[in-house]
Structures are given as C-alpha cells and as structure tokens.
Amino acid sequence: MCGIVGYVGPRNATEVLLTSLKKLEYRGYDSSGVALKAQDFIYIAKKKGRIAELEEAFVDMPEAHLGIAHTRWATHGEPKDENAHPHTDCTGRLALVHNGIIENYRELKAELASHGHRFVSETDTEVIAHLIEEYYEGDLLRAVLRILPRLKGAFALAVISRDENRIVAVRQDSPLVLGLGEAENFLASDIPALLSYTKEFVIMENGQVADISGRGVDLYDFDGNALPLNIRRFDWDEKQAEKGGYDHFMLKEIMEQDESIRSTLLGRVRDGAVALDELDPIIDELRRAERVYITACGTAYHAGLVGAYLLRHLAGLDVEIEVASEFRYAKHHWRPNSLGMVISQSGETADTLQALRMMKADGIPVIGVVNVLGSSVYREADVPLLTQAGPEIAVASTKAYSTQLVVLYLFALYMARLKGLITPEQESEIVAELQRLPEKIRNVLDRAGEVRNIATETYRASDIFFIGRQVDYLLALEGSLKLKEISYIHSEAFPAGELKHGPLALVTDETPTVGILFQEDVLEKTLSNVAEVKARRGDVFILGFQRDASTLADVGRWAFFVPDTLPLLAPIVGIPVLQLFAYYNAVLRGTDVDKPRNLAKSVTVE
Ligand code: G6P
C-alpha cells in the first residue's frame, strides 16, 4: 500500500522525509519519490525501485524545509518513474502525493484534457493535481476544499504549492496521521514513520482536511468548518512500530481486512450492480462461456473452491478446479466455450503460472485474480482482476484470501447476470450486503480478545478438526490450513456429513473440533454431526451467526457469533475468526508466526 510522509519546519526536509519514508518500507512498494519546496521552486525526484535508488537522485538538491514524499504500490499504471508520485499540474506549481483510488478518474481526466490539461502518467492520481490547478488562485486550502466534492473513492492526499509555506492534507478512507513538534509539523500514513521525531499525534478521521505549517496545524471538515485537534501520545518501541503497533505482520494483516475489502469493492459497484469494466476485452468469450477451469495453490486454491461453488450456484456454469501442481500435468480435453481462471496473491507462483501458460497456449482465455500489479500473472493473463489487498508480508495468507473471495463473488454475480440467471433485485441485494461487509468484519476484528480466550483452552491440543457443510466446508478447509501452517497443530477439515465414514474414529476428549454452522438449509444436519463429536467427548467450538445465538450458544463448549449476513457470504465474515484462532493458538505455542518453519511466501520453484 502506498505510504505518504510530509514535513515542514527548521530541519533539513530531505533527511526527515527519507528517514520517515524508509520506516514505511515494510508496507511494500515498487517506486518512491519526493517533492521539496526551496525558494520559489518545487524540486521533484522519483524513481522506480528501492528508496536507495531515489537517494542517488538527491546529489544536487537544494536544502529545503518543506516537502512531501511517497512510496508507491501500483494500482493504476505499471511501476515506472513517470507513474511514481509526486504528481504535478501542467505548470509544476503544485505537487501532490496520494494513497487510495480515485474511482471517477477517467471522467475527470477526459474533462480536464478537454480544458487543455496535459497528462504525463497513467495514474488516477495525476488528475487531482490538474483539478486543483483549475481552482488554484494562491490559496491552497481553498482550492483543495473546492475540488473535494468532485472526487469519488478513497484518498489520503498531501499537496504543496511553490508559492506557499504549507502542506494541505486530506483523509477519506485511506489512513493519515499528523505528527506535532516545536515549530515543525509532520504527516504520514502511519505513526511508526514519525516516531523518531515526535510522540504526539492527531489521527485524522474520514472527511477531514489539515492545514500544516511550521506555526501549527489547523483541522477542518470538507465544508471548511474548523475542528478541534484531538492530540494523543504514542510510546511504541521500534519493533511494534514497524508492524503498526501489532506484535506480528500476520495480526496487522488480519486487522486490515475491513480496509482491504473496502478497497477491493471500490469502483466495482455502480447503481447497485456489479461493474467489472476490466472484463470488457473478453466480453464475447464471457457471454459464450459454459465452463470454467480454475487453478491455484494453497490459500488461493481455497478461495478458488469458493469461487467454483459460486459460479455453479449463481451462474450455472460447469466448473473444474484443481491445484495448479496437478492441473499443469493433467491431460485436459478442453471443451469449447471454456474460460480459464488462475488465482494468486503474488502472481509469481511457478505452478500457477505454468498452468496459466498452458491454458493460453491452448487458446483458452484466462482471467488472473491477482494482488500484485505488474507481476507475471498480472501481465500474462488475458484479463487481470486486481484484489487490492495491499502488500502481504506474513507467510500465511490472510487479507489476500478475503479479497480474492470478494473478487470471486463479484465475478460470479457478473456471470449470473450475463447468463440471465439473476434478477437486478437479487443482484442488488447481494451487492448491498457485500458493501456492508467491511463494517461487519470490523465488528469481528474488534472482538479478537474473545477468540484469544478460546485459544487459551485449545493450544495444547495435538489435533484440531474443522467441520462444515456446503460453502462452510470450503471455509473450514482454509481455517484448518491456517492453523496447521502457523501453530503446527495437526489439523484437517471434513465435510460434516462425512465424519461418520471414517474421521470420527479420530475424535476423543483431546481433539477439539471447530463446527461451522452458517448454512441455514443444513443447520439441523450439521448440528447432528456436532452431536456425534460430543458423544465421543470431543469439545466443540461453534462458529455461527448472531441470529442463531440463542439456539447455538450452549451447543458447544465455546462459541463465536458473527454479525448476520446472507449465508452465501459467510466465508468472508467467518474467515477472520478462524485466522485469529490460528494466530492465537500459534502465539500461545510460541511459534515464529510470520515465518513458519519450512514455508515460503512465494513459491517460484516447482
Ligand atoms: C505459498 C504461500 C501460501 C500461498 C501459496 C500461493 O505456499 O505460503 O500462503 O497461498 O504459496 O501463493 P500465491 O502467491 O500464488 O497466492
């Protein structure tokens, strides 16, 4: 995810900005850049690659006391120098950095181009600089306030002008904090970036604009009304700071899922309907499609299983799904009117990539659901569908999975509409529920302590099983994988109805079972399977909806109830609970959570 820093004050701005920018490196980035105001000029340096490469461009920069800087994680336009931030207006009088996505940038760009503005990048961000230019008459705060109603999407912004000694910052759905000092002030995407300079912060809220100078900081709402500053003190140590205050990257990434899901939905819903404009180039193939071949590895494969379920269930398609290491060596008798789909966080997994190439070579159009823009899957798929989870650092995949699910729900709804199998009313009901998910996931994440309490009673177990039916079984598979990956507790997931055909032999009073009970059509059936476990003195952890709490509360030894939603969407609200369960079991066992033994984040060999 992009990172922003800004400084105004007596120190050497270059030093402050580069030091703070390096503290944001952990967020992941592909390019970086700095804009410095010295006398009446704005000097800009920006480079694809590491910050070290940017530093080399600084040899002849004048000393400055005001500037903004950025690490970029590409979302619109591949990683290259021109697309790196800061971006400027036509005259170079203004410079700005941005974190987020401007949903309506195409319309704005067309409008601004017709007014004679010239664009030099492929980014959504550049339009903001030109838009401010339209309104700028020497008062940056005023100009920024005037353009805000025109921006749709998520944005944290920092803007400077060569004619003024101030930074104007905006926050809407992308994080931004202000750091306060003596005759100097700072801003950044997160607190760790600034901890070596200050411990006093104002956490900006959505819908706020800050006017930052050496004299002080003023806060406004989008209508320009002054707001009080709520100053807070943060005394984090270095290690905590790097992980945004969390003990592990994995926990940080679990906790970001409300944000990453919101970003993944951005720009993909219009008037209550799914809008996947990315698919336009293969619209004819999609219309004709009768069958989809899905392949992926690990967690991405588990997301694919849910995708397959949805495409069958909602869009009536035939789906074949297999892990990529098998798929690529299997003999395929491709049917006409087929589509391929690969799913990958990194976009570099060797088996997934080979499977993609094999399908393409045989003339099958391939959709790549992928998190890293510019990765091999992104470039080689006929159509990439980005997941917008931001960089994932912990080896065990968390926010990549939930955002992959979001893309797969959107795609299944899109296909269902193309096939005429869903009414606009049904589509808008599911879409509206999808849009409510970030809030519901926040509720789950805020209750992490409840999951930790359960883990204190399970972490000594040597085996933990997961059961569920229908899409709950697919969720069980991912919950079980998370647990074994990081806690090293042996774990397996079973379709609940299959227990009695073998796995029940393993159940004792020492093997806890996680019973997933979201699917109301089969709730009674799954409850019977939970009873089978209890009859063998196995303890059960029930995961269900709040609406069923009164029925389910006393069924197991432990329970967690998530906010109600459509049963079909259960995996998205359910997975954070299972990720937290794996996480706390691992922490209590003292394993290396972010780098589990024998595993790698990206497997680029066979
Ligand atoms: C490795 C990682 C998993 C990941 C899998 C697929 O095994 O440890 O977390 O799910 O690769 O990676 P991809 O980048 O293709 O999603």
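The values are calculated or read from the model by the stated rules, or taken from the named source; none is laboratory data. Keep in mind that this is a model prediction, so the values were computed, not measured. FYI the Cβ positions are ideal-geometry reconstructions off the backbone, even for glycines, and counts take in every protein chain you see. What goes into the accessible areas is simple: the full protein's heavy atoms, side chains included, and nothing from ligands, DNA or RNA. Shrake-Rupley method; radii C 1.70, N 1.55, O 1.52, S 1.80 Å.
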Helices (runs of 4 or more DSSP H) wholly in the stretch 521-606 with at least 3 residues that are closer than 28 Å to residue 298 by Cβ - which ones?
523-535, 570-589
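Which one of these is open to solvent by 30 Å² or more (accessible area, probe 1.4 Å) and out of contact with any strand residue (DSSP E or B) (no Cβ under 8 Å at 6 or more places or on another chain): 582, 531, 559? Working first, answer last.
On the way: 582 fails: open to solvent by 30 Å² or more (accessible area, probe 1.4 Å); 559 fails: out of contact with any strand residue (DSSP E or B) (no Cβ under 8 Å at 6 or more places or on another chain).
Exactly one residue qualifies, and that residue is 531.
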Could we say that residue 596 is modelled with pLDDT under 95 and open to solvent by less than 10 Å² (accessible area, probe 1.4 Å) here?
yes
Taking into account only those residues within the stretch 566-606 that are hydroxyl-bearing (Ser, Thr, Tyr) and more than 21 Å from the chain's Cα centre (by Cα), which is farthest from the ligand (Cβ to nearest atom)?
584
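Look through the stretch 90-119, keep the residues that are β-branched (Val, Ile, Thr) and within 26 Å of residue 391 (Cβ to Cβ), and return whichever of them is modelled with the highest pLDDT.
Of all residues in the stretch 90-119, those β-branched (Val, Ile, Thr) come to 91, 97, 101-102.
Then keep just the ones that are within 26 Å of residue 391 (Cβ to Cβ); that gives 97, 101-102.
Working: 97: 97, 101: 88, 102: 92.
Checking each candidate, the answer is 97.
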Count - residues of the stretch 179-200 that are buried (at least 23 other Cβ atoms within 10 Å of the Cβ), touching a residue at least 40 places away in the same chain (Cβ under 8 Å) and assigned to a strand (DSSP E or B)
4
Any residue in the stretch 353-370 that is within 12 Å of the ligand (Cβ to nearest atom), in a helix (DSSP H, G or I) and buried (at least 24 other Cβ atoms within 10 Å of the Cβ)?
yes
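Scan the stretch 394-436 residue by residue and report those that are open to solvent by 10 Å² or more (accessible area, probe 1.4 Å), hydrophobic (A, V, I, L, M, F, W, C) and within 16 Å of the ligand (Cβ to nearest atom). Break it down into steps so the answer makes sense when it comes.
Looking only at the stretch 394-436, we keep the residues that are open to solvent by 10 Å² or more (accessible area, probe 1.4 Å), and these are 395, 397, 414, 417-426, 428-430, 432-433, 435-436.
Checking which are hydrophobic (A, V, I, L, M, F, W, C) leaves us with 395, 418, 421-422, 430, 432.
Within the stretch 394-436, 395 is the sole residue that qualifies.
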Looking only at the stretch 373-393, how many residues end up being surrounded by 21 or more Cβ atoms within 10 Å (Cβ to Cβ), farther than 22 Å from residue 328 by Cα and out of contact with any strand residue (DSSP E or B) (no Cβ under 7 Å at 6 or more places or on another chain)?
4
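Please tell me if residue 330 is open to solvent by less than 10 Å² (accessible area, probe 1.4 Å) and touching a strand residue (DSSP E or B) at 6+ places or on another chain (Cβ under 8 Å).
Numbers: open to solvent by less than 10 Å² (accessible area, probe 1.4 Å): no; touching a strand residue (DSSP E or B) at 6+ places or on another chain (Cβ under 8 Å): yes.
No, not satisfied.
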Residue 470 meets each of (1) surrounded by 19 or more Cβ atoms within 10 Å (Cβ to Cβ); (2) away from the ligand (no atom under 16 Å from the Cβ); (3) within 22 Å of residue 580 (Cα to Cα) with one exception, condition (3)
Taking helices (runs of 4 or more DSSP H) that do not extend beyond the stretch 266-339, which have at least 2 residues that are farther than 17 Å from residue 370 by Cβ and more than 16 Å from the ligand (Cβ to nearest atom)?
283-288, 298-315
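Filter the stretch 252-265 down to the residues that are touching a Pro at 6+ places or on another chain (Cβ under 7 Å) and of a type outside the set (D, E, K, R), then identify the one that is nearest to the ligand (Cβ to nearest atom). Quick ask: steps written out before the conclusion?
Kept after step one, since they are touching a Pro at 6+ places or on another chain (Cβ under 7 Å), are these residues of the stretch 252-265: 254, 257-258, 261-262.
Right, trim to of a type outside the set (D, E, K, R) and you get 254, 257, 261.
Details: 254: 14, 257: 15, 261: 17 Å.
The residue in question is 254.
Please go through the stretch 122-160 and give me each residue that is assigned to a loop (DSSP other than H, G, I, E, B) and either of a type in the set (Asp, Glu) or closer than 24 Å to residue 265 by Cα (or both), ordered by number. Don't jump to the end; show me each part of the working.
At the first step, the residues of the stretch 122-160 found to be assigned to a loop (DSSP other than H, G, I, E, B) are 122-125, 136-139, 151-152.
Within the stretch 122-160, 122, 123, 124, 125, 137, 139, 151, 152 qualify.
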Only residues that are without any contact (Cβ under 8 Å) to a residue 40 or more places away in the chain and crowded, with 17+ Cβ neighbours inside 10 Å: list them for the stretch 540-554, please.
540, 542, 543, 544, 545, 548, 552
Every listed condition ((1) away from the ligand (no atom under 16 Å from the Cβ); (2) closer than 29 Å to residue 430 by Cβ) holds for residue 509 save (2)
